[in-house]
Amino acid sequence: AQSPEDRSAQLERLKKDPGPIKSNWVPPGKSDRYGHAEGLIAAPVDTVRAKLLDFGRYKDLAGPKFKSVKVVDKQGESTDVYFQLPIMKGLVTIWYVTRFPPSRTTGTGDVLEGTFVKGNIKNMHIAFTVRPGPDEKSSVMVCDLVLQPTVPAPQSALDEELRDACGDAINSVRKTLAANP
């Protein structure tokens, strides 16, 4: 859970620079380096959460690098989403299915997590966290992502791609909310 001091520092940072502010880190309890981005969204938490739960429109959120994004299965309250992404300037195309169970409320905010089901990669995990911003009309959105390809890649290149993908997710939420509030 985020301490009140950490939350206050994050809000101050984002008031000065609404982001996305991008970095890499190893989350507590994990061993892999994740891409990380945080940013202010000019919409209330409920609106941002609804956008993140609109899996049928994930192609809009995934960004232009993705060749294909679509819902491929729904079991109970979980949704499986297929992602196809050219890498290495199109020489290799990776694909994977990510399972999103219902979002949950934690001490850090509303969390929507996606976990690897299958694909031609080793593993992936994504977590979106949304919490109230500095006022009732804004939210803080955080994205954490790890993806482990089967092809060898330098950690520095992976770090950059993961950071950028998280930043792109925040910018895409902003853009789609501005176009379709």
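The values are calculated or read from the model by the stated rules, or taken from the named source; none is laboratory data. Please read all numbers here as calculations on a predicted model, not as lab measurements. Glycine gets a Cβ as well: all are built from the backbone with ideal geometry, and neighbour counts include every protein chain shown. The protein model used for the area step is the full one, side chains on, heavy atoms only, and it has no ligands, DNA or RNA in it. Shrake-Rupley method; radii C 1.70, N 1.55, O 1.52, S 1.80 Å.
Tabulated data
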read-out	value
Pair list, Cβ < 7 Å and 6+ apart or interchain, from segment 131-159 residues that are closer than 25 Å to D110 by Cα to residues that are open to solvent by 60 Å² or more (accessible area, probe 1.4 Å) and in a strand (DSSP E or B)	S139/P132
For T129: the one exception among (1) out of contact with any helix residue (DSSP H, G or I) (no Cβ under 7 Å at 6 or more places or on another chain); (2) of a type outside the set (A, V, I, L, M, F, W, C); (3) over 30 Å from A9 (Cβ atoms); (4) open to solvent by less than 20 Å² (accessible area, probe 1.4 Å)	(3)
Filtered residue count, segment 1-50, keeping only those that are assigned to a strand (DSSP E or B) and closer than 21 Å to V173 by Cα	12
Where a residue in segment 25-52 is without any contact (Cβ under 8 Å) to a residue 24 or more places away in the chain and its partner, wherever it lies, is surrounded by fewer than 17 Cβ atoms within 10 Å (Cβ to Cβ) and not in a strand (DSSP E or B), with Cβ under 6 Å and at least six apart	V26/R33
Any hit, segment 29-37, residues being under 22 Å from G114 (Cα atoms), over 16 Å from the mean Cα position of the chain (by Cα) and small (G, A, S)	yes
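For every residue, the table says whether it meets (1) open to solvent by 60 Å² or more (accessible area, probe 1.4 Å); (2) basic (K, R); (3) within 15 Å of the chain's Cα centre (by Cα); (4) more than 25 Å from D6 (Cα to Cα).
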{"position": "I87", "(1), (2), (3), (4)": "no, no, no, yes"}
{"position": "W95", "(1), (2), (3), (4)": "yes, no, no, yes"}
{"position": "G109", "(1), (2), (3), (4)": "no, no, yes, no"}
{"position": "G133", "(1), (2), (3), (4)": "no, no, no, no"}
{"position": "S139", "(1), (2), (3), (4)": "no, no, yes, no"}
{"position": "L147", "(1), (2), (3), (4)": "no, no, yes, yes"}
{"position": "A153", "(1), (2), (3), (4)": "no, no, no, yes"}
{"position": "S156", "(1), (2), (3), (4)": "yes, no, no, yes"}
{"position": "D168", "(1), (2), (3), (4)": "no, no, yes, no"}
